[in-house]
Amino acid sequence: MKSFRSISAAGMLVFLLSACGAAEESNEDPAGEEAAPETEEEQKTEPLVVATNIFAIEDFITKIGGEHVEVKNMVPVGADAHTYEPTIKEITDLVDTDAFIYTDGSMEGLNETVIPLLEKEKVQTVDVAEEIERVEYQEFEENNEEDHSHTHSHEHSHEEDEESHSHEHSHDGEEGETTHTHSGENPHVWIDPEKSTQIADNIEKKLSELQPENSEQFENRNEKLQAELSELDQAFAEQLTELERGSIFVAHPGYTYWAESYGFEEVSITQTVSSSEPSQKRMQRLIEKAEQDGIEHVAFEKSYNIGVAETFAEEINAEAVYLNNLESLHEEDEGEDYFSLMEENLESLELLLK
């Protein structure tokens, strides 16, 4: 996440605190008298106002909160969540929300600046994926003369109607072949339907704390969401493990959770940062592996272009396939939800793995 160019963190903090004070003064009428406080009944009927920074979390909040919650996503439709810089007004508007429900992986620099401010202003903040175990990026590497044997195995079980589905996938590195290691935690935890059930539970818990009189409705809606996530996880497991190919080539390594959960290898053209271009030697090894694996498609994201990955796809005569990491919403996907986008992702993965 880029740092703010126009203002310092300290300057923004002063500005925000001043804006909060002005907002408090505006509660008085022109005669200098304070406006009458709302009655308890009026307070109950007003929806919660909740802000977030990830589209997937926005959608889960909407599904669990229903008419009792108004959600504001700091990243507008069509913006790249990694580079978007909100205006001062968008930041000050956060002070008027009931909670900031977020997780890392988007606008990290903003989170570090804004969260202390919100806590000072008594706005509740919660990282709904903080306690969820993260997987590490699968890092493509080259095996040269030595035999660096590496085995990756994963067993992922799904139980539904007393039936158990499991699969195990392994990559054995041999002399002269390519393999992958793991390097750095991948923050895109929300793309994993199974792990998303924990995110949904944490959202329900926070909404119930904020508005206990509607906790039963939040619980019921979350139960429905949990069932849909479980079905989606089952669909991914059943459809992807039947495919022949063991690897997909992606422009940016945002999909490690699928690779780990459903048993395939994610080979990224760039490394953990999209601007990290591969060396000529590494690019040549990527091309050799793609030709060896018979790769005909390379996965891109709609939110941003990565020139080196486009060059790679042209070099191996591969067609572009698009995946959505549900971090932010693209213009052409406006009106879609988590499940419709994940179904599109599943279709793209089937094409990549055939």
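The values are calculated or read from the model by the stated rules, or taken from the named source; none is laboratory data. In this text, all values refer to a predicted model and were calculated from it rather than measured experimentally. Don't worry about glycine lacking a Cβ; one is built from the backbone with ideal geometry, like all the others, and counts go over all protein chains shown. Just the protein is used for accessible areas: all its heavy atoms, side chains included, with ligands, DNA and RNA removed. Shrake-Rupley method; radii C 1.70, N 1.55, O 1.52, S 1.80 Å.
Give the residues of the range 243-277 that are surrounded by 15 or more Cβ atoms within 10 Å (Cβ to Cβ) and among the aliphatic types (A, V, I, L, M), sorted by residue number. Selection gives LEU243, ILE248, VAL250, ALA251, ALA259, VAL267, ILE269. Might you let me know whether the range 278-298 holds any residue that is open to solvent by less than 10 Å² (accessible area, probe 1.4 Å) and in contact with a helix residue (DSSP H, G or I) (Cβ under 6 Å, 6 or more places away or on another chain)? Within the range 278-298, one or more residues are open to solvent by less than 10 Å² (accessible area, probe 1.4 Å) and in contact with a helix residue (DSSP H, G or I) (Cβ under 6 Å, 6 or more places away or on another chain). For beta carbons closer than 9 Å, sequence separation of 6+ or different chains, a first residue in the range 221-237 that is more than 18 Å from LEU207 (Cβ to Cβ) and a second that is open to solvent by less than 20 Å² (accessible area, probe 1.4 Å) and among the charged types (D, E, K, R), the qualifying pairs are ASP233/ASP192.
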